[in-house]
Structures are given as C-alpha cells and as structure tokens.
Amino acid sequence: MDKVKAAQELVREALAKSQSPCFTCSFQAEDVVVLHLLLREKPDLPVLFLDTGYHFPEVYAYRDELQRRLGFRLVNLLPELSREEQERLYGRLYETDPNRCCEIRKVGPLFQALSAYDTWFTGLRREQSPTRANLQPLEEATLPSGHRLKKVNPLYDWTFKEVFAYLAVQDLPYLPLYDQGYLSIGCAPCTAKPLDPSDPRSGRWAGKGKLECGIHLHGEA
C-alpha cells in the first residue's frame, strides 16, 4: 500500500472510532494534505486554526482562499488577550519570553478547545524536527486538565517532497511563503528562513534554543 492509501486508511479508521474528532491546521503544506484527506471522509470536520494575531498576512489570505475553495468548517481559536492588549501589558513577549507568548496565544487556547474532542488529527511528520523523530501514527495525548484523546498523525512518515507531490497531483495551492524560501512557518516575528537547510525548523525562534511552541510536548515524559 502506498503512503497516500495508507494515510487515507488511517484517517478513515480513526474517524470510524471517533465520536468528536477535530483537526488543528496551520495551513502549512502538510496540514493541507491532511485537510484534503479528512474532507473526503468527513466534510463537516471542525478545522481549528490558532489565530495568534501574529501570523504573516499571506497566511490569513491563504487560509481564507482555501476555505472558499474547499468549504471546510473553520474554527478560529483566539487568545483571551488581543495582540495589542498583550503588548501593552507585557511588551513584546515573543522577544523577551517566547515560551510565555506561545502559552498565552497558542497552547492555552488550543488545550481549552481540545477538551471538547476525543480525537485530534495533526499534520506532524518525523522529518520536521529532531523532537518529532519518534512520532507514531497513533498516539494518546493527555491535556493538563487530565482530558485524554487520541492523536492521529497520518503523514508521520512522509517526506517534504512527498507532501508537495500530493498537492501537485490534487491541484491544491500552497502557501506562497514557501516560494520565498521558508520551510516551516509559524508566527511572523518568530519565523525566519532556515539557518540549516537540512533542518526545516531551524528558522523558528532562531537563536533562542526553541524548536516547539508547546502544543505537541504534553505527552512527553
């Protein structure tokens, strides 16, 4: 079975066992592949987007373009504080304390939202980072609240090249920032082009020794 068929079957089986599934989507290339696979099986699936207020303008435009094209159920998750309120209270946390910034704008809102679901689909891949090298297709996540849910990673063993090959075959557009040399795209202040071409996430939080925002670390020892 090729990787596309294997990923589709994993999606199908996980959905069949779920009462309340969701998908977290940053609209990077791998997430769009998973989104496309999911919509084939469940067109009304909630697609959760962490609207931090710090995304590149291109991300917002692409999100809206893709939503119009595919018609999925977009759920924008917002932090309690607006970008302006946070900067007024704490300054530019993305410069002074990026971990706290991620906690306020990404981790907290997502974990609160995930408490309503029993299955969480992601676009994570082993190739993305050393912190994801042992990623499994099916995992279990336990939130700080104690809520447990299945975590499904359909593209766990896909390469960057395979992701873009799928988008090309399906005639799906990709985020224009890739054409500018970005390989891993998060909030604009914390995203640069990779320092090491062999490590796509080496441009994230550059120089701060940080590889993850925190939403995918809760299951680790």
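A few notes on this one:
- Residue in region 54-70 that is at pLDDT 95 or above, part of a loop (DSSP other than H, G, I, E, B) and surrounded by fewer than 16 Cβ atoms within 10 Å (Cβ to Cβ) present: no
- Of the residues making up region 121-137, those that are outside any helix (DSSP H, G or I), touching a residue at least 60 places away in the same chain (Cβ under 8 Å) and either open to solvent by less than 10 Å² (accessible area, probe 1.4 Å) or polar (S, T, N, Q) (or both) are Phe121, Thr122, Gly123, Arg125, Ser129.
- Sub-7 Å Cβ pairs linking a first residue in region 23-35 that is touching a residue at least 60 places away in the same chain (Cβ under 8 Å) to a second residue that is of a type in the set (Ser, Thr, Tyr), at least 6 apart or interchain, are Thr24/Thr122; Phe27/Tyr62; Ala29/Tyr174; Ala29/Tyr178; Val32/Tyr174; Val33/Tyr166, ordered by first then second residue.
- Index of the failed condition, Tyr94 passing every other in (1) open to solvent by less than 10 Å² (accessible area, probe 1.4 Å); (2) part of a helix (DSSP H, G or I): (1)
- Hits in region 9-42 (condition: closer than 22 Å to Phe56 by Cα, of a type in the set (A, V, I, L, M, F, W, C) and touching a Lys or Arg at 6+ places or on another chain (Cβ under 7 Å)): Phe27
- Subset of region 71-91 that is not in a helix (DSSP H, G or I) and not hydrophobic (A, V, I, L, M, F, W, C) - its residue that is most open to solvent (accessible area, probe 1.4 Å): Glu80
- All positions within region 12-34 that are touching a strand residue (DSSP E or B) at 6+ places or on another chain (Cβ under 7 Å), surrounded by 21 or more Cβ atoms within 10 Å (Cβ to Cβ) and of a type outside the set (Ser, Thr, Tyr): Ala14, Pro21, Cys22, Phe23, Cys25, Val34
- Residue in region 85-100 that is in contact with a helix residue (DSSP H, G or I) (Cβ under 9 Å, 6 or more places away or on another chain), over 20 Å from Thr24 (Cα atoms) and among the β-branched types (Val, Ile, Thr) present: yes
The values are calculated or read from the model by the stated rules, or taken from the named source; none is laboratory data. Being a predicted model, the structure only gives us computed values, none of them experimental. Cβ sites come from the backbone with ideal geometry, for glycine too, and all protein chains shown count toward neighbours. Accessible surface areas use protein heavy atoms only, side chains included; no ligands, DNA or RNA. Shrake-Rupley method; radii C 1.70, N 1.55, O 1.52, S 1.80 Å.
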